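Just so you know, all these numbers are worked out from the coordinates, no wet-lab data involved. The structure presented is a predicted model; accordingly, all values stated were derived computationally and were not measured. Methodologically, a virtual Cβ is constructed for each residue, glycine included, from the backbone with ideal geometry; neighbour enumeration extends over all protein chains shown.
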Ligand SMILES: [Zn+2]
């Protein structure tokens with residue numbers, strides 16, 4: 001359940017990784033090479049959560065960015081001046097849809113495409129409600145491809161609903177299904193397990 005995810009007081013947190021200072025992970029992270037870029041749009045209230053995985057995700061991936069906020073004028077404000085919305089996907093987690101394909105891509109949210117080579121994916125980081133807020137505040141997201149993820153495995157965090165993955169887990173699965181080597185996803189999950197879940201005693 002989400003309410004078990006305690007907030008770390010800012011004064012006790014490492015200013016870089018935002019973990020508790022005694023659990024700082026800055027020197028423990030192995031930076032991994034990825035081809036499909038990952039940009040996380042993080043709801044401001046997620047920043048200092050104990051189980052926040054977005055920070056670890058973006059510190060682990062060489063080609064990634066973490067952007068904290070609620071709304072941005074357009075895709076260029078987030079991705080850069082020269083980026084085209086059609087080259088990017090926004091990750092959308094299917095809830096409770098068993099037996100579907102693990103990953104589907106919908107052009108502009110409608111027409112299904114077989115395999116669009118994507119330059120990168122955007123992931124919204126926050127509770128279900130916060131992610132919904134990010135969706136309606138940023139209507140430009142609808143101009144991107146929608147990458148629909150249908151996870152077959154439950155989260156490593158046992159209190160999380162079976163159909164809901166942490167941001168890092170969703171990213172790892174999406175990257176693998178988009179053609180990144182399985183070793184990349186495996187290393188991401190290992191780091192999540194050893195640096196975030198285990199030190200917190202879960
Ligand atoms: Zn740190």
Quiz item: How long is the gain from residue 76 to residue 113 if the chain were fully straight, where each residue apart is worth 0.36 nm and the alpha carbon distance is subtracted?
Solution: 10.9 nm
Practice problem: For a footprinting-style exposure proxy, rank 183, 58 by other Cβ within 10 Å, fewest first. | Solution: 183, 58
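From the Cα gyration tensor of the range 32-197, with a ≥ b ≥ c the square roots of its eigenvalues, which class applies: rounded if a/c is under 1.5, or else prolate if a/b is larger than b/c, or else oblate?
rounded
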Exercise. Sort 166, 139 so the one with the fewest other Cβ atoms within 10 Å of its own Cβ comes first.
Key: 139, 166
Self-check item: Distance in nm between pseudo-label sites at residue 152 and residue 45 (7 Å out along the Cβ direction from Cα)
Solution: 3.5
Quiz item: What FRET efficiency would be calculated for the residue pair residue 136, residue 27, taking the C-beta separation as r and a Förster radius of 30 Å, to the nearest 0.05?
Solution: 0.15
Quiz prompt | 55, 37, 132 arranged by Cβ crowding within 10 Å, fewest neighbours leading | solution = 132, 37, 55
Practice problem: Rank-order 59-70, 168-179 by packing density, defined as the average count of other C-beta atoms within 10 Å over each peptide's residues, highest first. | Solution: 168-179, 59-70
